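Asker: Here it is, the structure in full.
The values are calculated or read from the model by the stated rules, or taken from the named source; none is laboratory data. This structure is a prediction, so every number in the text was calculated from the model and none was measured. Cβ placement follows ideal geometry from the backbone for every residue including glycine, while neighbour counts extend to all protein chains displayed.
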Amino acid sequence: MSYDKATEERLSELVSSFICHASGHLPDDVRKRLSEMAEIENEGFAPEIYNVMKKNMEMADKLGRPSCQDTGIPQFFARVGTKFPYLDEIEPALIDAVKKATVKAPLRHNAVEVFDEFNTGNNIGHKVPWIDWELVQGSDQLELYFYMAGGGCSLPGMAKVLMPLEGYDGIAKAVFDQMSTYGVNACPPCLVGIGIAGSAEVAAKLSKKALLRPVGSHNENPKAAQMEKDFEEGLNSIGMGPGGFGGKLSVMGVNIEQAARHPATLAMGLSTACWAHRRAGIRIGPDFTYDFFTHKGVTL
Ligand code: SF4
């Protein structure tokens, strides 16, 4: 089937509503985890921080505004079925959806062109929105994740290639050094994404994809799942607490994703999401029916 403007428009309308809702409403798993953490934090300044977060979420919903002033760089992670009928329309629809949502949500203007150093004023720029593509063999669905990569929550991000003899202890050292130095910039409690692979760019990308996984989910590999638990426990013992004001818990969780590595390299990547972890996922069918699976029960 060839490109069709009306189909692009229909898809862009749906995706712009999806972005607008995501900008003002945290996903179900994050809301649940934050309320569990609020129950545990009963000392010092921490309960007040959780009260402020709760009030913030209520006001964002009531006023129809974004949950945070920093609505981030828009990023899409598209898992496209090879039988999805509107392949030609996806990319222009996603770009147009960001333009529309920038006005409707509204989203802060965050796309600054590198080298030319000017803000484009509509969140569209060179390779922005960032779109990551994956093909799903035989499917006729488009599974789309949207993530708002805020400045503070992107700051602790890093990737490096370790000598293999540094081993998994080397990964732990890199994660704890980075989180204890820069983690506070990411408005904790954070969700920590870690990628492990053979080269820096694969590890970095996997660390961001790890943030798309639900809070509380675990890696299918039992050893990786154990590392997630160990890192979560360790990071929760550094005392950073909500907002960095001290507390019992500093992270919502740790999600690890891996790819097979080269025998001579052990690369690791780290991405962080803040308490206002605005990631949203939707599955769209060929007839435009959808399942907004990160925000159950929401009609767009
Ligand atoms: S880290 Fe998150 S909550 Fe903090 S300012 Fe950035 S987007 Fe907002």
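Asker: Would you be able to say whether some residue in segment 146-167 is assigned to a helix (DSSP H, G or I), over 30 Å from Leu235 (Cβ atoms) and in contact (Cβ under 8 Å) with a residue 40 or more places away in the chain?
Answerer: For segment 146-167, residues assigned to a helix (DSSP H, G or I), over 30 Å from Leu235 (Cβ atoms) and in contact (Cβ under 8 Å) with a residue 40 or more places away in the chain: absent.
Asker: Now a separate question. Scan segment 216-234 and give yes if some residue there is crowded, with 22+ Cβ neighbours inside 10 Å, more than 16 Å from the ligand (Cβ to nearest atom) and outside any loop (DSSP other than H, G, I, E, B), otherwise no.
Answerer: Within segment 216-234, one or more residues are crowded, with 22+ Cβ neighbours inside 10 Å, more than 16 Å from the ligand (Cβ to nearest atom) and outside any loop (DSSP other than H, G, I, E, B).
Asker: Note down all Cβ pairs under 6 Å where the first residue falls in segment 87-102 and is surrounded by fewer than 21 Cβ atoms within 10 Å (Cβ to Cβ), the second is of a type in the set (Phe, Trp, Tyr), and they're at least six residues apart or on different chains.
Answerer: Here the result reads Asp88/Tyr3, each pair linking segment 87-102 to a residue that is of a type in the set (Phe, Trp, Tyr).
Asker: Just name the residue that is farthest from Tyr50 (Cα to Cα) out of those in segment 174-226 that are among the charged types (D, E, K, R) and in contact (Cβ under 8 Å) with a residue 60 or more places away in the chain.
Answerer: Lys205
Asker: Working only within segment 192-203, note down all residues that are hydrophobic (A, V, I, L, M, F, W, C) and farther than 16 Å from His262 by Cα.
Answerer: Correct list: Val192, Ile194.
Asker: Here are Ile19, Ile49, Ile40, Ile73: which of them is outside the structural domain of Ala105 (by TED's automatic domain parsing), surrounded by 15 or more Cβ atoms within 10 Å (Cβ to Cβ) and touching a residue at least 40 places away in the same chain (Cβ under 8 Å)?
Answerer: Within the list Ile19, Ile49, Ile40, Ile73, the selection yields Ile49.
Asker: Suppose we filter Arg261, Arg283 for residues that are basic (Lys, Arg) and outside any loop (DSSP other than H, G, I, E, B); which single one remains?
Answerer: Arg283 is the lone residue from the list that is basic (Lys, Arg) and outside any loop (DSSP other than H, G, I, E, B).
Asker: In this structure, does Pro47 turn out to be out of contact with any helix residue (DSSP H, G or I) (no Cβ under 6 Å at 6 or more places or on another chain), more than 16 Å from the ligand (Cβ to nearest atom) and either among the small types (Gly, Ala, Ser) or in a loop (DSSP other than H, G, I, E, B) (or both)?
Answerer: no
Asker: Could I ask something else about it? Let me confirm something: among Lys62, Lys55, which residue is within 16 Å of the ligand (Cβ to nearest atom) and assigned to a helix (DSSP H, G or I)?
Answerer: So the residue among Lys62, Lys55 that is within 16 Å of the ligand (Cβ to nearest atom) and assigned to a helix (DSSP H, G or I) is Lys55.
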